[in-house]
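Okay, so here's the structure we're looking at.
The values are calculated or read from the model by the stated rules, or taken from the named source; none is laboratory data. Just so we're clear, the structure is a prediction, and the values are computed from it rather than from any experiment. Backbone-built Cβ (ideal geometry, glycine too); neighbour counts: all protein chains shown.
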Amino acid sequence: MSQFPKDFLWGAATAAYQVEGAHDADGKGLSVWDVFSHLPGTTHEGTNGDVAADHYHRFKEDVALMAELGMTSYRFSISWPRVLPNGTGEVNEAGIKFYSDLIDELLRHNIRPMITLYHWDLPQALQDKFGGWAGREIVDAFDEYARLCYQRFGDRVDLWSTFNETIVFIGMGYFTGQHPPKLKDPKLGIQACHHVFLSNARAVKSFREMGIKGQIGFVNVLQPNDPISQEPEDIRAWEIAEGIYTHWLYDPVLKGEYPRDMLEMAQAAFGVPEFHPGDAELLKENIVDFIGLNYYKREMVARNDDVQGFDLNTSGQKGSGGGMGFKGLFKIVKNPNGVYTDWDWEIYPEGLTDAIGRIRHRYGEVPIYITENGLGAKDPIVDGAVLDQPRIDYLSEHIRAVGRAIEQGADVRGYYPWSFIDLLSWLNGYQKQYGFVYIDRENNLARKKKLSFEWYQKVIRSNGDEL
Ligand code: BGP
């Protein structure tokens, strides 16, 4: 008997910049990623999302494949500059129509849409106007954008999340300089992060004020860090890492306040975040309905004897760089006994059960969706077939890990592997594949089902029994 509830959602995820292409079609404005990826030396061999999977033009074909796969939900993001080319003001009706048609197509196939409002493609116009997330004006701009989306799509969509992985777009954008806006300025980064939390709270408030029927959440990547040893210095380093990776990112949206120890540390070191009157109440009154949890890997934490104070160098791993400016207080090290992917991400399924357990321990019984989980690999093609057995192994172990969390009593409501189709990996181009569907980039972006497609079909059909 399956541990998964009868109405458990079996989905898959994508994000606008990584899948849509059509980066300047039909009145769309440029995003910070459209600009950044065209700067020399920013991405793997200069790859960008200009075309990506061309999902913008082929969404009907893609939704038909989702239906064939048996998906009951699809997590995708809206490109802010596609619907509001300047970030605020004039609406691009062609952009609205694209999402509206996509939603209708999904519903026609009984696939429940889950929308992410912000998956990193900020309108460049807002970056230029007031410094993007670093400017307080962003809070009003985001609210305007969120309201537009609720108004146009809220009649048909009942699962929403505001932000995807703040630690990554703020950490890599403001601490390590690997993402737009390419800064290494922790003070600004912490303030920008505060604006993200305020924007989330305002968008949650609007969602409720507008009476949208459904739930709204916040998505973080959660790598349960473990200390490399039980020595007190490593344990202390791990506590700080946990404070930054988890408490800093979930407390403001689930408890409506910052973790006190981390807040004191940030204010002592950088004098931020700066609060305006009403900020604390706004956070307190607008906690989210659910959390989305993205999980790929574990990271091991050790004391950092190499640097004094703050170190902004990155270990080269996404999500580990920067550590919100406190990386000097710990470092990420390799697990000598770990199993790693070709991109050096530790494969550790137990970590997913563990991550869910840590959330329940700190925040109680909050509904959880696993909004991303997957294996990035160069899939072998043998006689024309895409044989991604390692992906099947990875996903089945992680689904088992979700099942164990449910057995322990966790309220997990859905699972969205990353990703439905092969798409752009932000800094790694198209060579790091995640999809159930392969895209032949030499042959007019033809879609081809991988071995994992058939496997996931069975998983869904058996509600997680046949792994
Ligand atoms: C998450 C992002 C996704 C996706 C995934 C895989 O952090 O939310 O957008 O990119 O990671 O990461 P990568 O493409 O770097 O392997």
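The residues listed here are E233, E257, E242; of these, the one that is more than 16 Å from the ligand (Cβ to nearest atom), within 19 Å of L198 (Cβ to Cβ) and at pLDDT 90 or above is E257. Scanning the range 167-194 for residues that are aliphatic (A, V, I, L, M), out of contact with any Cys (no Cβ under 7 Å at 6 or more places or on another chain) and not in a loop (DSSP other than H, G, I, E, B) yields I167, V168, M172, L188, I190, A192. Among residues of the range 92-145 being part of a helix (DSSP H, G or I), out of contact with any helix residue (DSSP H, G or I) (no Cβ under 6 Å at 6 or more places or on another chain) and of a type in the set (S, T, Y), the one that is nearest to the ligand (Cβ to nearest atom) is Y99. Checking the range 203-218 against the condition returns a match, with at least one residue being within 16 Å of the ligand (Cβ to nearest atom) and either assigned to a helix (DSSP H, G or I) or touching a residue at least 12 places away in the same chain (Cβ under 8 Å) (or both).
Within the range 373-390, can you find the residues that are part of a strand (DSSP E or B), within 15 Å of K432 (Cα to Cα) and away from the ligand (no atom under 16 Å from the Cβ)? Across the range 373-390, the qualifying residues are I381, V386.
Taking (1) in a helix (DSSP H, G or I); (2) touching a helix residue (DSSP H, G or I) at 6+ places or on another chain (Cβ under 8 Å); (3) not charged (D, E, K, R) in turn, W160 satisfies each apart from (1). Residues of the range 211-241 that are under 20 Å from the mean Cα position of the chain (by Cα) and crowded, with 21+ Cβ neighbours inside 10 Å: I216, G217, F218, V219, N220, V221, L222, Q223, P224, N225, A241. For the range 335-372, the set of residues classified as of a type in the set (A, V, I, L, M, F, W, C) and part of a loop (DSSP other than H, G, I, E, B) consists of V339, W343, W345, I347, V366, listed by residue number.
Just one of the listed residues (Y369, Y340) is within 16 Å of the ligand (Cβ to nearest atom) and within 20 Å of K255 (Cα to Cα), namely Y369.
Yes/no matrix, rows are residues, columns are (1) surrounded by fewer than 23 Cβ atoms within 10 Å (Cβ to Cβ); (2) of a type in the set (F, W, Y); (3) over 16 Å from E242 (Cβ atoms); (4) modelled with pLDDT under 65:
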{"site": "Q308", "(1), (2), (3), (4)": "yes, no, yes, yes"}
{"site": "D311", "(1), (2), (3), (4)": "yes, no, yes, yes"}
{"site": "T314", "(1), (2), (3), (4)": "yes, no, yes, yes"}
{"site": "G319", "(1), (2), (3), (4)": "no, no, no, yes"}
{"site": "F326", "(1), (2), (3), (4)": "no, yes, no, yes"}
{"site": "N337", "(1), (2), (3), (4)": "yes, no, yes, no"}
{"site": "W343", "(1), (2), (3), (4)": "yes, yes, yes, no"}
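Residues that are farther than 19 Å from I460 by Cβ and either part of a loop (DSSP other than H, G, I, E, B) or within 16 Å of the ligand (Cβ to nearest atom) (or both) do not occur anywhere in the range 391-406. If you go through the range 74-91 and pick out every residue that is buried (at least 18 other Cβ atoms within 10 Å of the Cβ), away from the ligand (no atom under 15 Å from the Cβ) and of a type in the set (A, V, I, L, M, F, W, C), you end up with 3.
Taking the criterion of being in contact (Cβ under 8 Å) with a residue 40 or more places away in the chain and part of a loop (DSSP other than H, G, I, E, B), the residues of the range 11-31 that qualify are G11, A12, T14, A15, E20, K28, G29, L30. Which residue pairs have Cβ atoms closer than 7 Å, lie 6 or more positions apart in sequence or on different chains, and pair a first residue in the range 334-358 that is of a type in the set (K, R) with a second residue that is assigned to a loop (DSSP other than H, G, I, E, B)? Close Cβ pairs satisfying both conditions: R358/P224.
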